[in-house]
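The next block holds one structure in the form of structure tokens; read it before the comments.
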Amino acid sequence: MTKKIKLAFQGEKGAYSHLASIEVFPNAEIKACPTFEETFRLAKENSEYKIVIPIENSLAGRVADIHYLIPKYKLQIHAEHFQKVTHNLLGIKGSKLKDIKTVRSHSQALGQCRKIISENNLKAIVSADTAGSAKFISEKKDKKDSAIASDLDAKIYNLEIIKSNIEDELGNVTRFFIMGKDPNHPNFGQKKYITSCIFKLKSIPAALYKALGGFATNGVNLCKLESFSVKNTFDQVNFYIDIEGHIEDPSLRKALEELGFHTEKLDVLGVYEAHQFRVKNK
């Protein structure tokens, strides 16, 4: 008998992370955690769990704190997943748009749905997350209250979808990592791969220029380069990179060796197949 996969995500049931978890592993045993810290800790202390973590959004940018939690807990990336985000205006059963006076949701969701809020003179209330907002209005049972959340929230909390696809911009996509305690590198083959790393440069002039030179000379492409401050400092930064290719590719291996000469610390976070969304939109 195949062992059931255990997944964890941050947020209430019905959150977009929950939706992503179901899409990646439809038959998994899924656990909701109150905070990102608790989600990472669960996987660190229990190797049976994989976690589904949002990394960045196409409209709002990177998700706060994740880049600090990844090196802290030293989990490995097993896969990536791109989840289309579709916002819905939810209310209690029987409510209509004309009844709504207030709308609550996460600040990013509210910011992505300004048009419907403005056109209907709704009072926006910032909440911790989308699913929590849906849960709140389901318990309050007031026709004047609404929430911006997923269609999964409507099912879980028995709410009416008053209006769907209410986001101002199309193409709202969130990138997720599926992470676990132990490495899970795929075998090197003909598929498209991503290798992700975090590094800290030596404190010398033109260190970043020198460090990245090896990728150019070895014909290796970087698809993401991002810096973030080391906590409690303003003069030290770590760099996060996504590299096209597998770590067993000789060219990529040489590029990483050259990178290592110019760094104080270099950690490989994972090697995984490029998601089909990335391949289709290249």
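Descriptive notes on the structure:
- Of Lys265, Lys210, all but one fail to be loosely packed, with under 14 Cβ neighbours inside 10 Å, out of contact with any Gly (no Cβ under 9 Å at 6 or more places or on another chain) and of a type outside the set (A, V, I, L, M, F, W, C); the exception is Lys265.
- Test for Leu212: is it assigned to a helix (DSSP H, G or I) and touching a strand residue (DSSP E or B) at 6+ places or on another chain (Cβ under 8 Å): yes
- Residue in the stretch 51-60 that is under 21 Å from Asp129 (Cβ atoms), in a helix (DSSP H, G or I) and of a type in the set (Ser, Thr, Tyr) present: no
- Among residues of the stretch 142-170, those that are over 19 Å from His18 (Cα atoms) and among the aliphatic types (A, V, I, L, M), counted: 3
- Count - residues of the stretch 153-188 that are more than 17 Å from Leu89 (Cβ to Cβ), touching a residue at least 40 places away in the same chain (Cβ under 8 Å) and either part of a loop (DSSP other than H, G, I, E, B) or β-branched (Val, Ile, Thr) (or both): 11
- Close pairs (6 angstrom Cβ cut-off, 6 or more residues apart or separate chains): over 20 Å from Ile22 (Cα atoms) and touching a residue at least 12 places away in the same chain (Cβ under 8 Å) in the stretch 41-64, among the aromatic types (Phe, Trp, Tyr) and buried (at least 16 other Cβ atoms within 10 Å of the Cβ) anywhere: Lys44/Tyr73
- The single residue among Ile148, Ile178, Ile166 that is crowded, with 17+ Cβ neighbours inside 10 Å, over 27 Å from Ile51 (Cα atoms), touching a His at 6+ places or on another chain (Cβ under 9 Å) and among the β-branched types (Val, Ile, Thr) turns out to be Ile166.
- Tabulated pairs, the stretch 18-34, first among the small types (Gly, Ala, Ser), second part of a loop (DSSP other than H, G, I, E, B), C-beta under 6 angstrom, 6+ apart or interchain: Ala28/Ile5; Ala32/Lys13
No lab work stands behind these numbers, since they all come straight from the coordinates. All values derive from a computational prediction rather than experimental measurement. Because the Cβ atoms are built from the backbone with ideal geometry, glycine has one as well, and the counts that use them run over all protein chains shown.
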